[in-house]
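Here the structure is laid out as structure tokens; the discussion comes afterwards.
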Protein chains: 2
Amino acid sequence: MSEPEKTISTANEIVQAIREIVGPGSIALHEPSFDGNEWLYLKECLDSKHVSSTGKFVEKFEALISEFTGAKYVVSVVNGTAALQIALKIVGVKSGDEVLIPALTFVATANAVSYLGAIPHFLESDEKSLGINTFKLRDYLKANTQIESGLCINKITGRVIRAIVPMHTFGHPSDLENLLSIANEFRLILVEDAAESLGSFYCGQHTGTFGMAGALSFNGNKIITTGGGGAILTNDQSLARIAKHITTTAKIPHEWEFDHDVVGYNYRLPNINAALGCAQMESLPEKISFKRALFQRYKSAFEKISDAYIFEESNKCKSNYWLQTLILKKESQVVRDTVLEESNKCGIMTRPAWKLMTHLIPYRNSPSMNLEDTNSLYRRIVNIPSSPELIRVQK
Amino acid sequence: MSEPEKTISTANEIVQAIREIVGPGSIALHEPSFDGNEWLYLKECLDSKHVSSTGKFVEKFEALISEFTGAKYVVSVVNGTAALQIALKIVGVKSGDEVLIPALTFVATANAVSYLGAIPHFLESDEKSLGINTFKLRDYLKANTQIESGLCINKITGRVIRAIVPMHTFGHPSDLENLLSIANEFRLILVEDAAESLGSFYCGQHTGTFGMAGALSFNGNKIITTGGGGAILTNDQSLARIAKHITTTAKIPHEWEFDHDVVGYNYRLPNINAALGCAQMESLPEKISFKRALFQRYKSAFEKISDAYIFEESNKCKSNYWLQTLILKKESQVVRDTVLEESNKCGIMTRPAWKLMTHLIPYRNSPSMNLEDTNSLYRRIVNIPSSPELIRVQK
């Protein structure tokens, strides 16, 4: 076979293996499902006229997330980007600071840093976790930073590196044990971007609860959705109070007076979106079990494929398998675009990883580690259909 | 009667006049109503699984607002604060600029300016419009600014005054004719904070469509609600395109690639909130007519009260009467707190105007005109129950 023929043949083999699992027809990358109390709770909002800033569902939703994740305090907000922006703000990230984030992430991670006037500083990921490569990072920080007055200083830019933000890629937990140790050694505040990892655990502890604060997202493509929504997780009561205060216009409680003591944000999650979230939380364990079952099916189907494998959680992790992740072997990376083209052409929605942050116009001049492995990962990752419904309908 | 006795007596007379109109029981300041297709449209979202960034309601909602307001382009967003922030950003407000806004406004007007790194500069309001006092403003700008290279420079701070943002207080249109003329004379970009004035017109043209851009809000207390939501209005196609682009993470359209060309925002209005908005828009004309009828009833009831009057639109304006506004005469301003106490005590929710921006900790050092009239207005305004339902139930 010629090279182009081989590429087509391999791509077809891969698409065929996906088709075996997802069944016939047009298949979305990730679709939400509303089989529980969604309708009941929305109706309750309309009947009670509480669709916005009043009503019981915001508090109920926050309690459900707290119970599930083990985070002592939960502050729901309008989306995951806002959650991360506020998480970074309450831990003390300031204009002119640098914040370490993986280069392999959705742009919101970098934008949340930018909104505070801070500068994202991009890190290498590894193939084992799809998150920050902690072994390379330690060496990098040793070589490029120094501690002055208890702060981590970037020796090249002279700026304070205030925080590190692991992002649990496609739901798979990052190497939190080493991240905590690095944060401690280099005086970095750990804030987790857990937008994709509701339902994912590391050593039995929920992602998003390891750092000073964490951020969840409930966008339409996430494991549960509120239409649009997010939440800040923290175990620190005073941080939680500040988060609630500044996300609700920093209004000082009073029966009728409008007084605000800092520049706050209008980031409150509306009651109607929280109502949807409450119903979704009730079926979260089922959704996770479906997604984990879907992983097993994909894994079996790909055992016969020599050019690619399905990403699997490591021993310490229990992943929500939010987006099932196909990884091409290095020698087969040339096949990626053909897999994307052929699968989407036949109605199976797939997509590559996000363009690396260092390749985006607004961030290409930001500080960065060498991203050799991340570039390779970017060229080899394909996310494949991941809806929990794919299991339900076939059960 | 002693002074305290007279205060109580006047307050009771005022509360009695309100009670005559609103009827018995506990009365909210402003309650939404959901008597149209709200159920149907929300159910459609759940049935179709389109609750978030996909689905037909966002486009439909934007078309309905465009049709009603006459704005050529409408970009819906997550709330009114985001709408104003983006409206200011697309017209070119930059970090370090000053932006003229009334001191008598909700804090979001000032915050939207702050998010861009710009500095709010506070203006005097007048009793005739409850908006910017254009006569005093012209003199103020003549004395304190100069035009250099086509830009308005604050002679005291040396900063560029980039824009002027009238806010149509409680739904009542500001003096747009003179504002346009001042904007033109002093090279200021006009952006309207029309958060409260959906359904309000000036010389037959809808508020929010006079400047380069305008912002609406659909918070739970507004004339229509989406739970939380807002919209940017503009007649400029290129500004509209930029607004849509940067409110949807500045993603460049592609079947699967994630590329973003500027630092964007995650401000998209979810489909489920837009669905609610579509149903609400259908009953907007009815809501406005109810609110205008409610004004007439209050006006009659207050004809016998010598210490206060109900704010009435001027000849050029047609107000949505979003929040009915009781104004105490100057000699009776001492009565305000007793009116607030007595009314809220007996279950009639009332509230004063917002604390002036210059009295809030984050803004007390910002530049400001002399605010003698605004201070007086603040001490004399009481918003009284304004729900359209107050007319429907008594019809």
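The values are calculated or read from the model by the stated rules, or taken from the named source; none is laboratory data. Nothing here was measured: the structure is a model prediction, and the numbers come from that model. No Cβ is skipped: glycine too gets one built from the backbone with ideal geometry, and neighbour counts run over all protein chains shown.
The residues listed here are A:Asn178, A:Asn144, A:Asn154, A:Asn133; of these, the one that is buried (at least 22 other Cβ atoms within 10 Å of the Cβ), in contact (Cβ under 8 Å) with a residue 12 or more places away in the chain, among the polar types (S, T, N, Q) and at negative phi is A:Asn133. From the list A:Gly131, A:Gly96, A:Gly70, the one residue that fits, being among the small types (Gly, Ala, Ser), at pLDDT 95 or above and touching a Pro at 6+ places or on another chain (Cβ under 8 Å), is A:Gly131.
When A:Thr69, A:Thr7, A:Thr81 are checked against the criterion of being surrounded by 22 or more Cβ atoms within 10 Å (Cβ to Cβ) and away from chain B (no Cβ under 14 Å), a single residue qualifies: A:Thr69. Quick one: is B:Asn344 more than 13 Å from every other protein chain (Cβ to nearest Cβ), among the polar types (S, T, N, Q) and on the phi < 0 side of the Ramachandran plot? Considered against the rule, which asks whether it is more than 13 Å from every other protein chain (Cβ to nearest Cβ), among the polar types (S, T, N, Q) and on the phi < 0 side of the Ramachandran plot, B:Asn344 comes out as no.
Conditions (1) within 14 Å of another protein chain (Cβ to nearest Cβ); (2) touching a Pro at 6+ places or on another chain (Cβ under 6 Å); (3) surrounded by 21 or more Cβ atoms within 10 Å (Cβ to Cβ); (4) free of Cβ contacts under 8 Å to residues at least 24 places away in the same chain, marked per residue:
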| position | (1), (2), (3), (4) |
| --- | --- |
| B:Ser306 | no, no, no, yes |
| B:Tyr309 | no, no, no, yes |
| B:Val339 | yes, no, yes, no |
| B:Asp373 | no, no, no, no |
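Evaluation of A:Ala195 against the conditions (1) more than 20 Å from A:Phe68 (Cβ to Cβ); (2) part of a loop (DSSP other than H, G, I, E, B) shows that the sole unmet condition is (1).
Could you grab me the full set of residues in the stretch A:347-371 that are within 14 Å of chain B (Cβ to nearest Cβ) and of a type in the set (A, V, I, L, M, F, W, C)?
Of everything in the stretch A:347-371, those that are within 14 Å of chain B (Cβ to nearest Cβ) and of a type in the set (A, V, I, L, M, F, W, C) turn out to be A:Ile348, A:Met349, A:Ala353, A:Trp354, A:Leu356, A:Met357, A:Leu360, A:Ile361.
When restricted to residues that are among the polar types (S, T, N, Q) and touching an Asp or Glu at 6+ places or on another chain (Cβ under 6 Å), the stretch B:356-373 contains 0. Condition (residue is within 14 Å of chain A (Cβ to nearest Cβ) and of a type in the set (A, V, I, L, M)) applied to the stretch B:177-191: is it met by at least one residue? The answer is no, given that none of the residues of the stretch B:177-191 is within 14 Å of chain A (Cβ to nearest Cβ) and of a type in the set (A, V, I, L, M).
Each row is one residue, and each column tells you yes or no for (1) part of a helix (DSSP H, G or I); (2) on the phi < 0 side of the Ramachandran plot; (3) facing chain B (nearest Cβ under 8 Å).
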residue	(1), (2), (3)
A:Ser238	yes, yes, no
A:Ala243	yes, yes, no
A:His254	no, yes, no
A:Glu257	no, yes, yes
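The residue of the stretch A:223-236 that is nearest to the other protein chains (Cβ to nearest Cβ), among those that are among the polar types (S, T, N, Q) and surrounded by 21 or more Cβ atoms within 10 Å (Cβ to Cβ), is A:Thr225. Looking for something within 14 Å of another protein chain (Cβ to nearest Cβ), in contact with a strand residue (DSSP E or B) (Cβ under 8 Å, 6 or more places away or on another chain) and modelled with pLDDT under 95 - is there at least one such residue anywhere in the stretch A:29-52? For the stretch A:29-52, residues within 14 Å of another protein chain (Cβ to nearest Cβ), in contact with a strand residue (DSSP E or B) (Cβ under 8 Å, 6 or more places away or on another chain) and modelled with pLDDT under 95: absent.
I'd like the full set of residues that are touching a helix residue (DSSP H, G or I) at 6+ places or on another chain (Cβ under 7 Å) and closer than 17 Å to A:Leu326 by Cβ, limited to the stretch A:9-51. Result: A:Thr10, A:Ala11, A:Asn12, A:Ile14, A:Val15, A:Ala17, A:Ile18, A:Glu20, A:Ile21, A:Val22. The residues of the stretch B:342-357 that are surrounded by fewer than 18 Cβ atoms within 10 Å (Cβ to Cβ) and touching a residue at least 40 places away in the same chain (Cβ under 8 Å), listed by number, are B:Cys346, B:Gly347.
A single entry from B:Val91, B:Val75, B:Val107 fulfils the requirement of being surrounded by fewer than 22 Cβ atoms within 10 Å (Cβ to Cβ) and under 20 Å from the mean Cα position of the chain (by Cα): B:Val91.
Yes or no, residue by residue, for (1) touching a residue at least 60 places away in the same chain (Cβ under 8 Å); (2) buried (at least 17 other Cβ atoms within 10 Å of the Cβ); (3) at positive phi:
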position: A:Leu40; (1), (2), (3): yes, no, no
position: A:Asp47; (1), (2), (3): no, no, no
position: A:Glu59; (1), (2), (3): no, no, no
position: A:Ser95; (1), (2), (3): no, no, no
position: A:Glu98; (1), (2), (3): yes, yes, no
position: A:Ser129; (1), (2), (3): yes, yes, no
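Screening the stretch A:93-105 for residues that are assigned to a loop (DSSP other than H, G, I, E, B) and in contact with an Asp or Glu (Cβ under 8 Å, 6 or more places away or on another chain) and picking the one that is farthest from A:Val78 (Cα to Cα) gives A:Ala103.
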